[in-house]
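Just below is one structure, and these are the notes that go with it.
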Amino acid sequence: MTILLLGSGGREHALAWKLLQSSKCSKLFVAPGNAGTASIATNISIQPTDFESIKKLVVEENIEMIVVGPEDPLVDGIFDFFKNDAELKSIPVIGPSKEGAKLEGSKEYAKEFLIKHKIPTAAYDSFTTETVEKGCQFLETLSPPYVLKADGLAAGKGVVILNVLEEAKTELRNMLVHQKFGNASSKVVIEEFLDGIELSCFVLTDGKNYKILPTAKDYKRIGEGDTGLNTGGMGAVSPVPFADAVLMEKIETRIVKPTIEGLHKDGIEYKGFVFIGLINVKGEPMVIEYNVRMGDPETEVVMPRIKSDLVELFQAVANQTLNEISLEIDSRSATTIMVVSGGYPEEYEKGKIISGIENVNGSIVFHAGTKLENENIVSNGGRVLAITSYGSDYKEAIKKSYQNIEKLHFDKMYYRKDIGFDL
């Protein structure tokens, strides 16, 4: 079948790499893609939120399935766009409906869903510009650290954690009154801080049935020892060593099952990935957030560990027959290290020529922010490459990734040298 994959990051390169391993995928388009997807599929210069251009391409190329990488088109309602169009409605879209995508599109909506379905999460309240002073009073009732979250999409950077009450009040005013994150912070959720270690649980659902994919843990901060600003993610490890059978059983019964049942009860159409951001608080899993697509850089460690045919899995999602398919997982560990532009996540330069990719041996290079320019691969984003390796455990896998990163070069290249340090 001919498939269209939407997106341009490391997640999409990893999905493309996995989709093309299937004998059921005869042609793969990626919109807009990057230099990595260009080497294995056909890139099309269309933005994932340009639904009319996507429709034109789908009709012209007889595309038979849409796989949505990033959150923006899902929040904008691409599933509903296809469903409500006479020419497109028979084409499956792997991703939730617009209503389902609110689980990521609105932090407040997600918290209300969690409370309604009795899924363990932190206590919270939400505030707007009009209630900013009430928000400051609410902060006074909490003990530090203080967690402030922009309600809308802020490219993974809308969460601020502060230890000083006055700083938290100032930040709340920055977010609400001074629109620090633009429209995303027109409403801010304040929640109690949960002390524990984070992990990500990925679920693929057809709306009734589900499969739990390999767990992963990513590292969000730019600096070693988890210091500095939040990024889109500096590296990831799968499986999570502390996610033993006991914890996974709690995650499934207390979180995954009630989430999928909750979607079903609420009449929310959901055919795609649910990414559950969790925190393990003294052996008790609690939900920090939902995302409605795969994570990045977690996709770069989760996809290499799935042995099953991804197109078959997606067809089962579309047909609501996921219960009839067995999910086969590689027992090896996988790790990925992100190589980023100097200055990221603040100001950084693009267009730096990347060399050494052809010398990488025993690791997979997934392109994130790259493009082709005059036959050179150049940097085209903050996060540039993800170097993924297998190992008998995460330490062996990490070592391989670091050995291969030493073969890569571009001006002002940076990466964290301590991924997995807390495991």
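The values are calculated or read from the model by the stated rules, or taken from the named source; none is laboratory data. Here the structure is a predicted model, which is why all the values come from computation and not from measurement. Heads up, the Cβs are rebuilt from the backbone with ideal geometry, glycines too, and the neighbour counts pull from every protein chain shown. Please note that ligands, DNA and RNA were not included when accessible areas were found on the heavy atoms of the full protein model with its side chains. Shrake-Rupley method; radii C 1.70, N 1.55, O 1.52, S 1.80 Å.
A count restricted to the range 213-229 and to residues that are surrounded by fewer than 18 Cβ atoms within 10 Å (Cβ to Cβ) and part of a strand (DSSP E or B) stands at 5.
Please determine, by comparing only the residues of the range 358-391 that are open to solvent by 40 Å² or more (accessible area, probe 1.4 Å) and under 26 Å from the mean Cα position of the chain (by Cα), which one is nearest to residue 335 (Cα to Cα). Within the range 358-391, the match that is nearest to residue 335 (Cα to Cα) is 390. In summary, residue 347 fulfils each of the numbered conditions (1) open to solvent by 60 Å² or more (accessible area, probe 1.4 Å); (2) of a type in the set (D, E, K, R); (3) assigned to a loop (DSSP other than H, G, I, E, B); (4) in contact (Cβ under 8 Å) with a residue 12 or more places away in the chain with the single exception of condition (4). The residue pairs whose first member lies in the range 409-420 and is touching a residue at least 12 places away in the same chain (Cβ under 8 Å) and part of a strand (DSSP E or B), whose second member is of a type in the set (S, T, N, Q) and surrounded by 14 or more Cβ atoms within 10 Å (Cβ to Cβ), and whose beta carbons are closer than 8 Å, counting only pairs six or more residues apart or on different chains, are 413/341; 414/341. Taken over the range 363-398, the criterion of being basic (Lys, Arg) and more than 20 Å from residue 214 (Cβ to Cβ) is satisfied by 371, 383.
Among residues of the range 1-21 that are among the hydroxyl-bearing types (Ser, Thr, Tyr), those with a beta-carbon under 9 Å from a residue that is assigned to a helix (DSSP H, G or I) and surrounded by fewer than 23 Cβ atoms within 10 Å (Cβ to Cβ) at least six positions away or on a different chain give the pairs 2/61. Which one of these is open to solvent by 50 Å² or more (accessible area, probe 1.4 Å), on the phi < 0 side of the Ramachandran plot and among the hydrophobic types (A, V, I, L, M, F, W, C): 138, 193? The conditions single out 193.
Being buried (at least 23 other Cβ atoms within 10 Å of the Cβ) and under 16 Å from the mean Cα position of the chain (by Cα) is a property that does not hold for residue 289. Does residue 69 satisfy the condition of being modelled with pLDDT under 95, within 16 Å of residue 274 (Cβ to Cβ) and buried (at least 21 other Cβ atoms within 10 Å of the Cβ)? Against the criterion (modelled with pLDDT under 95, within 16 Å of residue 274 (Cβ to Cβ) and buried (at least 21 other Cβ atoms within 10 Å of the Cβ)), residue 69 does not qualify.
Residue under question is residue 300, and the condition is that it be at pLDDT 95 or above and surrounded by fewer than 20 Cβ atoms within 10 Å (Cβ to Cβ); does it hold? No: the conditions fail for residue 300. Condition check for residue 19 on (1) touching a Cys at 6+ places or on another chain (Cβ under 6 Å); (2) more than 24 Å from residue 274 (Cβ to Cβ): one failure, at (2).
Residue-wise test of (1) assigned to a helix (DSSP H, G or I); (2) free of Cβ contacts under 8 Å to residues at least 40 places away in the same chain; (3) touching a Pro at 6+ places or on another chain (Cβ under 9 Å).
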position: 247; (1), (2), (3): yes, yes, yes
position: 250; (1), (2), (3): yes, yes, yes
position: 277; (1), (2), (3): no, no, no
position: 280; (1), (2), (3): no, no, no
position: 285; (1), (2), (3): no, no, yes
position: 293; (1), (2), (3): no, no, yes
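When the range 75-92 is limited to residues that are among the aliphatic types (A, V, I, L, M) and crowded, with 17+ Cβ neighbours inside 10 Å, the one that is farthest from the chain's Cα centre (by Cα) turns out to be 88. Note on the range 95-128: among residues that are assigned to a helix (DSSP H, G or I) and surrounded by fewer than 16 Cβ atoms within 10 Å (Cβ to Cβ), the one that is nearest to the chain's Cα centre (by Cα) is 112. Among the residues making up the range 33-55, those that are over 19 Å from the mean Cα position of the chain (by Cα) and within 27 Å of residue 89 (Cα to Cα) are 41, 42, 43, 44, 45, 46, 50, 51, 52, 53, 54, 55. Residues of the range 316-331 that are within 22 Å of the chain's Cα centre (by Cα), open to solvent by 20 Å² or more (accessible area, probe 1.4 Å) and not β-branched (Val, Ile, Thr): 318, 327, 328. Of all residues assigned to the range 155-168, at least one qualifies as being touching a residue at least 24 places away in the same chain (Cβ under 8 Å), in contact with a helix residue (DSSP H, G or I) (Cβ under 6 Å, 6 or more places away or on another chain) and under 30 Å from residue 257 (Cβ atoms). If I ask for residues that are part of a strand (DSSP E or B) and open to solvent by 50 Å² or more (accessible area, probe 1.4 Å), which ones from the range 147-183 would you list? The one that is part of a strand (DSSP E or B) and open to solvent by 50 Å² or more (accessible area, probe 1.4 Å): 161. When each of 282, 250 is tested for being modelled with pLDDT of 95 or more, surrounded by fewer than 18 Cβ atoms within 10 Å (Cβ to Cβ), of a type in the set (D, E, K, R) and more than 20 Å from the chain's Cα centre (by Cα), the lone residue that passes is 250.
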